[in-house]
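Everything below concerns the one structure shown next.
The values are calculated or read from the model by the stated rules, or taken from the named source; none is laboratory data. This structure is a prediction, so every number in the text was calculated from the model and none was measured. With ideal geometry, Cβ positions are generated from the backbone for all residues, glycine too; neighbour counts draw on all protein chains shown. In case anyone asks, the SASA skips ligands and DNA or RNA and just uses the protein heavy atoms, side chains included. Shrake-Rupley method; radii C 1.70, N 1.55, O 1.52, S 1.80 Å.
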Amino acid sequence: MMALGTLLRKPPPPPGSCRAFWGWLNAVFNKVDHERIRAVGPDRAASEWLLRCGALVRYQGSPKWQQDYNGLPTGPLGKYKIEAINATDSCIMYRGFDYLDGLEHVTDIKLEKCMYIQDECLQRLSETSNLQKSLQQLKIISCGNVTDKGILALHKLTNLEYLYLSDLPGIREKETTFRVLQQALPNLELELDLE
């Protein structure tokens, strides 16, 4: 009887197969649909992308965070403008950052525990012309793939007023990195919680 039970048990999945599946699915969630951006506008398309990936958005004039993809507001195209993004524990990745290009009103972004955020993402973020004009606050917390290179890339965000950095083990040259960033952005309030 015991031998039959052993034979009927499923073998365990190969190591890493579950992780590979989620990585693939996350990449699918981040695929940019340029046709959709044209059809519904940049703010609606970016909202759909961010919520699909587990992030939250807040619209201009609203104190409430939108977290339910199926509860996205309806109404005339262009009515709802993204003002803030909270990407805590989300799967946003570089591949989807084209969705940020048309956003003109984003003042606040929080990237916390984002396993796919890396230096190239921060560089792409800082090269987005609309964000260079609008982004005022940025928080980067517990994103293990961020290094000094990514933080230095933020110097192009010329209107950035506040930058909070915490639990970023990839930052090795703290003093040099922050001195260079502070010289590039003299009005920046830089808050650090790095050990």
Practice problem: Once you have a ≥ b ≥ c as the square roots of the Cα gyration tensor eigenvalues for segment 97-190, tell me rounded if a/c is under 1.5, and otherwise prolate or oblate according to whether a/b is larger than b/c. | Solution: oblate
Exercise. Using per-residue counts of other Cβ atoms within 10 Å, averaged over each peptide, order 138-150, 73-85 from highest down.
Key: 138-150, 73-85
Practice problem: For the chain, state the average projected area of the convex hull of the C-alpha atoms over all orientations, rounded to one decimal in nm². | Solution: 14.9 nm²
Quiz item: So how tilted is helix 17-29 from the main axis of the chain? Cα-based, degrees 0 to 90, rounded to 10.
Solution: 40 degrees
Exercise. Determine the share of the chain's accessible area contributed by carbon and sulfur atoms, expressed in whole percent, with a 1.4 angstrom probe.
Key: 53 percent
Quiz item: Want the number for Asp167 to Lys133: 0.36 nm per residue separation, take away the alpha-carbon distance, what's left?
Solution: 9.5 nm
Quiz item: Fully extended, how many nm does the chain gain between Trp65 and Glu195 (0.36 nm per residue separation, minus their Cα-Cα distance)?
Solution: 43.7 nm
Exercise. Give, to the nearest whole percent, the P(r) tail of segment 114-166 beyond 17 angstrom, counting all Cα pairs.
Key: 28 percent
Self-check item: Computed Kirkwood radius, in angstrom, where 1/r is averaged over Cα pairs of segment 45-139
Solution: 13.3 Å
Exercise. Over segment 63-136, average the accessible area per residue using a 1.4 Å probe and give it in Å², no decimals.
Key: 49 Å²
